[in-house]
1. Spelling out what I want: for every residue of the range C:311-324, take phi, set θ = phi - 60°, compute 6.51 cos²θ - 1.76 cosθ + 1.60 (Karplus), and round to whole Hz; glycine and proline get x.
2. In nanometres, what is the gap between the two model label sites at residue C:13 and residue C:63, each 7 Å from Cα along Cα-to-Cβ?
3. For the protein assembly as shown, what's the radius of gyration and Dmax over Cα atoms, in angstrom?
4. Over the whole of C:231-237, what's the average partner chain Cβ count within 10 Å per residue? Rounded to a whole number, please.
5. Taking the Cα centre as origin and putting +1 on Lys and Arg beta-carbons and -1 on Asp and Glu beta-carbons, what dipole magnitude results for the range A:124-270, to the nearest 20 debye?
6. Calculate the dipole size of chain A relative to its Cα centre from +1 charges on Lys and Arg beta carbons and -1 charges on Asp and Glu beta carbons; express the result in debye to the nearest 20.
7. Please list C:139-147, A:232-240, A:57-65, C:199-207 highest first by mean number of surrounding beta-carbon atoms within 10 Å per residue.
8. When Lys and Arg each count +1 and Asp and Glu each count -1, what net charge do the other residues less than 15 Å away from residue A:404, Cβ to Cβ, add up to?
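Only the coordinates and a few stated rules stand behind these numbers; no lab work does. A quick note: this is a predicted structure, and the numbers were derived from the prediction, not measured. Cβ sites come from the backbone with ideal geometry, for glycine too, and all protein chains shown count toward neighbours.
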Amino acid sequence: MTLSWTTLLPVLIILSSLIPGLLIFATPEAAARRRIILNMTGVTVKLLLVALMLAGVSRGFEFRFAIAFLPGAELVLRGDALALQFIALSSVLWLMTTIYAIGYLENSPLRSRFFGYFSLCVSATVGVALAGNMITFLLFYELLTLATFPLVVHRGTPEALRAGRVYLAYTLGGGTVLLMGIALLHSIAGTPDFVPGGYLTSLADEHALSLRIAFGLMIVGLGVKAALVPLHGWLPQAMVAPAPVSALLHAVAVVKAGAFGIIRVVYDVYGIEATTLLSLTRPLAWLAAVTIIFASVRALQQQDIKRRLAYSTVSQVSYITLGVSLVGPIAAVGAIVHLVHQGLMKITLFFCAGNFAETLGIHKIQEMDGLGRRMPWSMAAFTVGALGMIGVPPIAGFISKWYLATGALEVNQDWVLLVLAGSSLLNAAYFLPLLYRGWFRAPPAGGWHENNFAGQRLETHWMLLLPPLVTALLSILVGVFAGSIFSPLGWSQFIVNREFGL
Amino acid sequence: MNAIELYLTLGIAVFLLSLHGLMTLYDPIRRLIAVNLMGAGTFLVMVSLARRSEVPDPVLHALVVTGLVVAISATAFALRLIIAGSKNDKTDSGGGNRKP
Amino acid sequence: MNFALLSLAIPLFCGLLLLLSGRALRTRTTGFIVIVSTVASLVAAWFALQEAAAAGADIMLNLGGWETGLAIRLRLSSLSALLLVFTALMHLLIGLYAGLSRDGIKRDYWALSCFLHGSLAALWLSADLFNLYITLELLGLTAVAMVALAGPKAYKPAANYLILSLAASLFYLLGVALLYGRYGELDVLLLAPRTQADVITRLALLLMTTGLMLKAALWPLHLWLPPAHASAPTAVSALLSGLVVKGPLFILWVLWSEVAPPTLAQQIGPVLAIAGMIALTAGGLSAMRSPHIKTLVAYSTVAQLGYALMALGLLLTWQLPQMHIALWLFVIAHGLAKASLFLAAGEMQSSLGTKRVDGLRGATQTVPVAMFAFAVAGGSLIGLPPSGGFLAKWVLLEPILSEPGNWPWAMGVLLGTLVSAAYIFRIVAISFDRAQINPLDINPDRVGHWLALLPALMVWGMALSGEWLIRLLAGGPV
């Protein structure tokens, strides 16, 4: 193996958050400045490296790093276009979430532990993205579970511990099932690198039953993190975690790792041809459709802001699965672009929910009356996120839904339009009341529960305010400039052209 | 049934009988004696197996001798442990941990 | 072969030397001597491994120049060489802990650990059923003496351990006598082609298996293990769980995969495999309910041995010799991980002044390094990638999944994983409790905590040499 920059770059991208993470563990609690410097250096280096890889991949460079692990299954890190979509998202959102978390956790205990695991969590996420075969994917997928658990139970209260146990029971169970699926697949076809178009087409006839079972096992394993109904139970519970953790779990790390895995399995392991041949797409599409509608209905029933957002995540992430299972190029673009779009919008919503809770002690939807007058900026960002989720142009969510809808028509799956329309109506039904209360109701006569930062120039701490504004702006920009090649949409086109051999 | 077969059966019977003792008795000294009897049964089997040929088989005798040495030293060690343990039980019946 | 003999002789010689020196040396000096000799033994074992790997076949040696059949015959295969390295490494890691951690250990530990090391090395190298009996007895006696090091409280479990161990040896010895009476051979390789599936052979094998399963604490003969291992001093618990129970397992493997006729092996295979699955579940459930930290760890040994038993059972059922790779990977991964678990558990107990699982509330804050060691080692027991435990599980899963008819066995692996996750994370979750933290009892011993982490890091490091290990165990040239 020759060591060149194309070999090392994937490793460096992981190390750029792993090493700061390990150093942060060793940082004394009081050395806040050192911790911030470590965090920020890590983020900056990672962003630069990702930009480098982005430039490289768009010029056709191959980034691949491999070491021996099991017979017939190396550990492979590979930067391809699809991986970059996910890495770029997680790096940018890591930056935002780090800033937010520094502000959010100011003066709270155990910050070294928190930021240490936070960095490990990002390293694992990036590893999931860069994984070049199923074994490597499994490795980082499990590490992600381990790195997020301490974040979920960070508060250490009985509720947090209960949520943590539920989280572990789901994710470790899912991981074991995934392992079974991968091992079964390995016994049939070995574990080669991911390839556009998959590597199972020639085996589909001979091993139909085994391949179907392996697919089922892997989808169950991945579906736990992607929160496919009925495997979503952990997600609303995990809301007890601190706001930056929820933001990261929902928008980037955990649910996206599951969804990303489903994309990989369908496109790069089975391939569209084999998936269709084994008639696996239809059940997957139904599963996604049921999840979308069911979770939206559940969201409508929630009175707690974060729990409503949690069910909304369950529903929105399944758009990705839905788009993947339609196996048409346009729907595929919609799915892959939604990976980024949902991340931007959902993280905005979570940041804002965290701001409401931190500044005014607001947790319930009824308490949001008149919020727009006290916190106009946060409320504006929240509005952008919510409208985007509903699918109002030109915000990012509209682009996703548009591509999913036209993609469904292209492959003659008209029923999907009904699902999308129903879900958009439900989105509107559970988001618009919040916006209405925030902007058009009068503030409560008795004042707020808490009133931090009152009378100051900004409505809340600047580190809490900046991230949602940036991500809200980004959600609009990626929608407005969707036509450019370096927008998420343009890049998704690039990926899909390779996958479908267009 | 010739003499060798008789001894073999006897050996096995002793082994099984003392095994029963080991499993049902509680007192450590009695259990130790049971184990020793199991040993006696085993050695009886070995010695009678050695007698099957005209010239007694030296290998089996060597094994029995080694086995006896092991058994004696182990018994001594076990007795020492049991006695020390029972003394400890008498003197230190209320002691406990600092914390639960 | 000379290197292997050296690796065996160094600890025995060192142990004798310490015994003769009596009280002349200070405890620290004793520890130092033992650690140096363990390093020497490790280096010798490493060269022996190179030799065995290069040879690609078993190397035989008749001690004292006697002819085959009378002589004590030793056999060096790549497996036994690997086990030599593993034994020396475990002794080194645990010896470092015993020597450098603040609690220290009684002087007698050092001589005993030398004998333990020597008798295990002799066991891996023996190719003769009676020699194996001698090493087994030596191992048992040393192990009991080491349990008794914990002081008067441990005398009772130690005595019970000794009595059961003696009874188990007699079962084995009676079986050996019957086999010898039937075939007139004790040498494994000479016996192997001659055995037949008749009544005496069955009876002998049954007796030996019972004895060995009792010694190795394989389900359902495991009840003596948790009290004995939990009451021993920390370093000794680590040696017992990590190494000692593997000795009888080795003999069991030799017995069934080489000596027993294949028809009988195929009959007993499923029984052993099912016992393994039950061990995984029952041991895991007991660990989940155990109120004490060390008992939890000891029950996890019972559970994890279930994996090894399952691998052995399936090896025999399907007559797939390469399944022994899974078996020995489990043994090595479990040994390292269990060493870490016991050392970490012991350190947490003494730092927090409690033996109970509830006492670990807030342990991530009070004893972070030890708790981390516990979690990392636990990850390997669960079999999370890329730990050694994962490696073993993967190798075990491959033949299970390659035939649809074998799929039900995968349930065993699934259950084992979930149950071990449950008891490991029972501890980990409690340690994150911030609501009612159990404060430190004494200032924690930093060195001890870090030394507890060392074996856990090594078991995760096994991933890097995974392919090499698998090829080595497969027997071909590396």
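1. After applying 6.51 cos²θ - 1.76 cosθ + 1.60, I find 4, 5, x, 5, 4, 6, 4, 9, 6, 10, x, 5, 5, 5 Hz.
2. Inter-label distance under the simple model: 1.5 nm.
3. 32.3, 113
4. Counting other chains' Cβ atoms within 10 Å and averaging over C:231-237 gives 0.
5. Magnitude of the dipole: close to 480 debye.
6. Dipole of chain A, to the nearest 20 debye: 1120 debye.
7. So the peptides C:139-147, A:232-240, A:57-65, C:199-207, ranked by packing, come out C:139-147, A:232-240, C:199-207, A:57-65.
8. Once positives and negatives cancel, what remains is -1.
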